[in-house]
Amino acid sequence: MNYCPECGFKIDGKYNFCPNCGSKITLEINDHSETSEQTAEIIICKNCGEENPIENVNCFSCGVSLKGSIAKKQNKSKQGSVKNVRINSSGNNANDDKKKANQEKILDSKKVLVITAAVVAIFVLALVVSGVFDSGTQTEVPRISNESSSTNNGGVNLANMQEINQLESKVKENPDDLESTLHLAHMQQDAGFSEKAIENYKKYLSKFPEDADVRVDMGICYYNLNDYDTAIKEMEAAIKYQPKHQIAYLNLGIVNLTAKNLEASREWFQKTVELDPNSEAGKRAQELLHSH
């Protein structure tokens with residue numbers, strides 16, 4: 001009985017391969033016909049004291065992992081009196097073949113996953129292009145209408161800033177000048193100073209709460225600040241004072257559309273069209289109904 005030098009499994013002479021690890025086993029029997037003297041490096045097993053060839057990993061006598069000391073031995077042998085039995089193993093090559101086969105299997109699996117993912121991506125893209133799936137890209141939200149504002153030329157430029165500064169000084173000197181206060185609010189709204197514009201709109205509305213145009217303009221300021229609930233509240237209040245304020249209806253549709261209140265937005269656009277389908281506001285409402 002001997003042991004596989006690769007894994008230490010007990011084997012006998014009938015095996016050509018180790019039943020445990022698959023290493024190839026060969027028995028070499030050297031029969032010396034003449035007396036000879038040889039020197040070889042050996043490993044002495046610490047467990048059983050057996051002398052093993054230097055290349056053995058496990059002791060072929062007891063099967064434990066070799067951790068003994070390396071020594072040199074001189075042997076004399078005569079014909080038929082001494083037989084040196086050596087177990088050779090090709091386990092390293094077998095293990096390498098197994099590793100290579102496993103790596104090839106892993107690579108094949110990765111190829112299959114990549115191909116599958118590519119096919120799925122192409123299929124989904126085809127569905128999106130054909131319109132079966134919504135691509136998730138939202139149509140750009142339309143700009144709100146400020147046609148009720150008394151100013152036509154908005155934006156920030158040097159001339160507008162100079163006029164805003166002059167109006168601020170004028171209102172500061174005469175707080176009861178509501179006409180200048182309203183003009184200043186419109187200028188601030190057009191220049192993007194929504195918070196300051198709201199302050200002056202409120203000041204004006206404290207004296208003239210029924211002014212629907214001003215409430216719509218103040219609602220636009222809240223819209224620009226992303227305060228959609230307050231914007232809707234002010235524009236609905238404008239309709240209470242002026243039930244046929246078409247710009248208020250149109251803007252309510254836009255604000256609700258931006259706030260994702262799609263059903264309410266659709267209703268406000270339809271009411272805008274009903275008031276006057278041929279006006280600019282009516283035509284724009286029809287376009288928004290069609291596109292959204």
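The values are calculated or read from the model by the stated rules, or taken from the named source; none is laboratory data. This is a predicted model, so every value here is computed, not measured. So basically every Cβ, Gly included, is an ideal-geometry build from the backbone, and we count neighbours across all protein chains shown. Please note that ligands, DNA and RNA were not included when accessible areas were found on the heavy atoms of the full protein model with its side chains. Shrake-Rupley method; radii C 1.70, N 1.55, O 1.52, S 1.80 Å.
What the table shows:
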| read-out | value |
| --- | --- |
| By accessible area with a 1.4 Å probe, ligands and nucleic acids excluded, highest first: order of Ser265, Ser61, Ser279, Ser206 | Ser206, Ser61, Ser279, Ser265 |
| Tyr228, Tyr223, ranked by accessible area, largest first (probe 1.4 Å) | Tyr228, Tyr223 |
| Probe 1.4 Å - accessible area at Lys170, Å² to nearest ten | 100 Å² |
| Solvent accessible area, Å² - Glu236, 1.4 Å probe, full protein context | 80 Å² |
| Segment 180-188 - phi-based ³J(HN,Hα) in whole Hz, Karplus 6.51/-1.76/1.60, Gly and Pro as x | 5, 4, 5, 4, 5, 4, 5, 5, 5 |
| Segment Asn47-Val112, extension gain: residue separation times 0.36 nm, minus the distance between their alpha carbons | 18.3 nm |
| Label-point separation, Thr258 to Glu210 (7 Å along Cα→Cβ), nm | 3.0 nm |
| Accessible surface, 1.4 Å probe, highest first, among residues Met161, Met187 | Met161, Met187 |
| Heavy atoms of Arg266: accessible area, 1.4 Å probe, square angstrom to 10 | 90 Å² |
| Calculated FRET value between Arg266 and Gln166, using beta carbons and R₀ = 45 Å, to 0.05 | 0.55 |
